[in-house]
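Asks: Before anything else, here's the structure in question.
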Amino acid sequence: MMGSPENEDEGSETERPQHQVTVPSFFIGKFAITQEQYQVITGESPSKFSGIKRPVERVSWHDASNFCAKISQKTGKNYRLPSEAEWEYACRAGTVTPFHFGETITTELVNYDSNYTYGSAPKGEYFQQTTRVGSYPANQFGLYDMHGNVWEWCQDYWHENYKGVPSDGNVCLNNDNPYRLPRGGAWNSLSQ
């Protein structure tokens, strides 16, 4: 199931209605792209918070797509941004709770602006910057930092809700919105 159920108090209307999606097999990175990886492939280092094992940040959707094109060219393998359905499937890792680790979010599990709590979660330490990739527990698929630290770009165009989106895991391209879709939250975002 993709999206936020109607009875989820803090769920977003942009992630409704909840709906069944069939996602074909795919591969996705275990960690967000690090500054070191980005530098090797692009020759650039746009991040504000430096550290070779920190995720690259301050990259546009076009920057992320260009990174995929460059790494594809260098390796001879096809790399691309995930569809939103692929991203959510990878993030949820077979769970049905708001977060892959349960019903609420804390700074022991995610790097986010903990001044804003989710549900009954307590406020935690707000780091005010990114942290090294893999600093928090992996989900059941072995993927790290799917919630928080840095936003992760998807191929899809932004859409206001899930009405009319593909149910086969493909990219949502059928709208007039020029904006692309980030998922997962970041070090400076509210608990999501």
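Asks: Would region 65-74 turn up any residue that is surrounded by 16 or more Cβ atoms within 10 Å (Cβ to Cβ) and closer than 22 Å to G169 by Cα?
Replies: yes
Asks: Being in contact with a helix residue (DSSP H, G or I) (Cβ under 8 Å, 6 or more places away or on another chain), farther than 18 Å from G184 by Cβ and either in contact (Cβ under 8 Å) with a residue 40 or more places away in the chain or in a loop (DSSP other than H, G, I, E, B) (or both) is the filter here; which residues of region 31-55 pass it?
Replies: E44, S45, P46, S50, G51, I52, K53
Asks: Could you tell me which of the residues I52, I71 is farther than 26 Å from H159 by Cα, of a type in the set (A, V, I, L, M, F, W, C) and touching a strand residue (DSSP E or B) at 6+ places or on another chain (Cβ under 7 Å)?
Replies: After applying the criteria, what remains is I52.
Asks: Can you name every residue in region 105-120 that is farther than 14 Å from G185 by Cβ and touching a Ser or Thr at 6+ places or on another chain (Cβ under 8 Å)?
Replies: Across region 105-120, the qualifying residues are G119, S120.
Asks: Among what's in region 89-125 and is part of a loop (DSSP other than H, G, I, E, B) and of a type in the set (G, A, S), pick the residue that is surrounded by the fewest Cβ atoms within 10 Å (Cβ to Cβ).
Replies: It comes out as S120.
Residue-by-condition table, conditions (1) loosely packed, with under 15 Cβ neighbours inside 10 Å; (2) more than 17 Å from I33 (Cα to Cα):
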position	(1), (2)
Q140	yes, yes
L143	no, no
M146	no, no
Y157	no, yes
G164	yes, yes
R180	no, yes
S189	no, yes
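Asks: Next up: What tally of residues in region 75-88 results from selecting those that are of a type in the set (F, W, Y) and surrounded by fewer than 21 Cβ atoms within 10 Å (Cβ to Cβ)?
Replies: Total meeting the criteria: 1.
Asks: Out of the residues in region 9-54 meeting the condition of being within 13 Å of T131 (Cβ to Cβ) and in contact with a Ser or Thr (Cβ under 6 Å, 6 or more places away or on another chain), tell me which one is surrounded by the fewest Cβ atoms within 10 Å (Cβ to Cβ).
Replies: So, considering only residues that are within 13 Å of T131 (Cβ to Cβ) and in contact with a Ser or Thr (Cβ under 6 Å, 6 or more places away or on another chain), the one surrounded by the fewest Cβ atoms within 10 Å (Cβ to Cβ) is K53.
Asks: What pairs come up if the first residue lies in region 86-102 and is within 17 Å of G11 (Cβ to Cβ), the second is of a type in the set (V, I, T), and their beta carbons are under 7 Å apart, counting only those six or more places apart or on different chains?
Replies: Sorted first by the residue in region 86-102, then by its partner, the pairs are F99/I105.
Values quoted throughout were computed directly from the atomic coordinates according to the rules given, and no laboratory measurement underlies them. Just so we're clear, the structure is a prediction, and the values are computed from it rather than from any experiment. Quick reminder, even Gly has a Cβ in these numbers, built from the backbone with ideal geometry, and neighbours come from all protein chains shown.
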